[in-house]
Amino acid sequence: MKYSQFSNGIGISDEDNSYFSRLINIDIHTKPGKAQCSLALEDIDGGGIVTSLPTCSMVASNGDTFIGAGTKIYKISGGTETLVHTSTQGAVLGLGEHQSYIYYSTATKLGRQTVLLASSEASWSSQNDSWATFTNAKAYKPMQWVNQILCIGDGNYIAIVDENGIFNANALDILERDVITALMDTNDNLTMGTFVNSAVHQANTYLWDTYSPSWSSSDLTQERGVNMFFRLDGYWYAQIGQIGNIYQWTGQRMLLYTRLRDGDSTVVTGINPYGCSAMNNLTLISTNRGIFSIGKADARLGLASVIEYVHSAGQGVEAGCLEAVGSNFYAGWKLSADYGIDKISSTDYATAIIETPIKYGKSQDLKIGYNSVPTSATITAKIANDDGALTSHTMIQDDEDLREYRNVNGINCKSNTKAELTLTPNPSTPTSPIVINVIEIK
């Protein structure tokens, strides 16, 4: 069985031989049909400035990035991170721009600062932390600019700052028990995702035209909360619930599309309205297992998901906000008592993992065809036979084909086999990726 269908990404099960079981720190889009190591992530917060999980973010119209973490607001300009403000009204829960102002929400107040002064003041002194007051003191305050107004989720209310800069604390109210967790602009309509509580497997999604007294449509999903919305390949999607399920939003119905997967490890997802972004026509979603990319390199291909990046702290983090900026992004995370904001390294590649699906039937050999293995970079392999554990196997250069490795030990399985490859760039100068063409189990 030959596995070269890297452009299909990760499959929904180990039995689907058209996909892979795991693709970690793998780039399948730069060279379609091949798999190569992704660039590594590095923490820009080397000085420990960030002291809470970064949960909300925005790129201002002047190009500066602002990130909210606990009560702090940080500015990132030219890749340099600085603390510019500490809110007097509690944790910053949302960020957005409207009419030359940066707005930031806490549980009870809406603050604002001009874009010009937000960037020019090293420590803000011209802001107003209590510019407006919300009706509901809830833990989620997502923002979305749509149809010339800034919309803010406030419990079961939508508060707005209109085209004249006037605040309305209750432009729309939805079902009383629903708490708005995520917002999205859908063709000049506002889509609202909701949450009841962690025990209730019901999440409503509403569509509103931004001016009528009530919403125009709604749909109930039997999951614990709408976590985020995103646009992908011309359609609207939502990540809903706690096990990585992705739904397509038609404007009237939520339709189950796929599930984020990392082999046998659970992809844990939660409410994180700022936890996705888009870069180079790929949707990026931050999770505890890493940052998934979803997309395709050509119209003839299907949409594919891979874990293209792993946070600098490794897998198992609590994922925060994710904001694409130019050819890079900033990704917040928490691990135990450590916090960080990652960006993509400009030079260094990450160690990557490829795990094949299960091949049924007898097998005797593993071969790896590659396009490029830089000096001092290594490819190592583990093989699982007959439902056993993955164990290391020695690989050597194939004498007949200098573009292949083959295993020395032999497989000798009776019923089923799967392989896991680890691609390790040169540890001293990891500036070139390993590129894989095909994996063969025969």
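Tabulated results
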item	result
So Ser415, is it closer than 16 Å to Ala350 by Cβ and among the polar types (S, T, N, Q)	no
Test result for Ile158, farther than 23 Å from Cys321 by Cβ, assigned by TED's automatic domain parsing to the domain that holds Val92, among the aliphatic types (A, V, I, L, M) and modelled with pLDDT of 95 or more	no
Condition check for Tyr339: in contact with a Cys (Cβ under 9 Å, 6 or more places away or on another chain) and among the aromatic types (Phe, Trp, Tyr)	no
Those residues of segment 379-434 which are surrounded by 17 or more Cβ atoms within 10 Å (Cβ to Cβ), in a strand (DSSP E or B) and either among the small types (Gly, Ala, Ser) or on the phi > 0 side of the Ramachandran plot (or both), in sequence order	Ala381, Ala384, Ala419
Tally of residues being more than 12 Å from Ile271 (Cα to Cα) and either surrounded by 13 or more Cβ atoms within 10 Å (Cβ to Cβ) or not charged (D, E, K, R) (or both) across segment 184-208	17
Single residue of segment 344-376 satisfying the filter (more than 28 Å from the chain's Cα centre (by Cα) and buried (at least 19 other Cβ atoms within 10 Å of the Cβ)) that is modelled with the lowest pLDDT	Ser363
Residue list for segment 365-412, filter: under 23 Å from Pro427 (Cβ atoms), without any contact (Cβ under 8 Å) to a residue 60 or more places away in the chain and among the hydroxyl-bearing types (Ser, Thr, Tyr)	Thr375, Ser376, Thr378, Thr380, Ser392, Thr394, Tyr405
Every residue from segment 110-161 that is without any contact (Cβ under 8 Å) to a residue 24 or more places away in the chain and small (Gly, Ala, Ser)	Ser120, Ser125, Ser126
Filter result for Ser57 (hydroxyl-bearing (Ser, Thr, Tyr) and modelled with pLDDT of 95 or more)	yes
Search result, residues across segment 141-154 that are surrounded by fewer than 24 Cβ atoms within 10 Å (Cβ to Cβ) and within 16 Å of Ile271 (Cβ to Cβ)	Gln144
Failed condition for Trp131, given (1) touching a Gly at 6+ places or on another chain (Cβ under 7 Å); (2) within 14 Å of Thr71 (Cα to Cα); (3) of a type outside the set (S, T, N, Q)	(2)
Single match in Ala35, Ala40 (criterion: buried (at least 24 other Cβ atoms within 10 Å of the Cβ) and in contact (Cβ under 8 Å) with a residue 60 or more places away in the chain)	Ala35
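Rundown of residues vs (1) in contact with a strand residue (DSSP E or B) (Cβ under 6 Å, 6 or more places away or on another chain); (2) touching a residue at least 24 places away in the same chain (Cβ under 8 Å); (3) farther than 30 Å from Ile102 by Cβ, yes/no style:
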| position | (1), (2), (3) |
| --- | --- |
| Gly165 | no, yes, no |
| Asn170 | yes, yes, no |
| Asp173 | yes, no, no |
| Ile180 | yes, yes, no |
| Thr191 | yes, yes, no |
| Tyr206 | yes, yes, no |
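The values are calculated or read from the model by the stated rules, or taken from the named source; none is laboratory data. What you see is a predicted model, and the numbers here were worked out from it, not measured in a lab. Because the Cβ atoms are built from the backbone with ideal geometry, glycine has one as well, and the counts that use them run over all protein chains shown.
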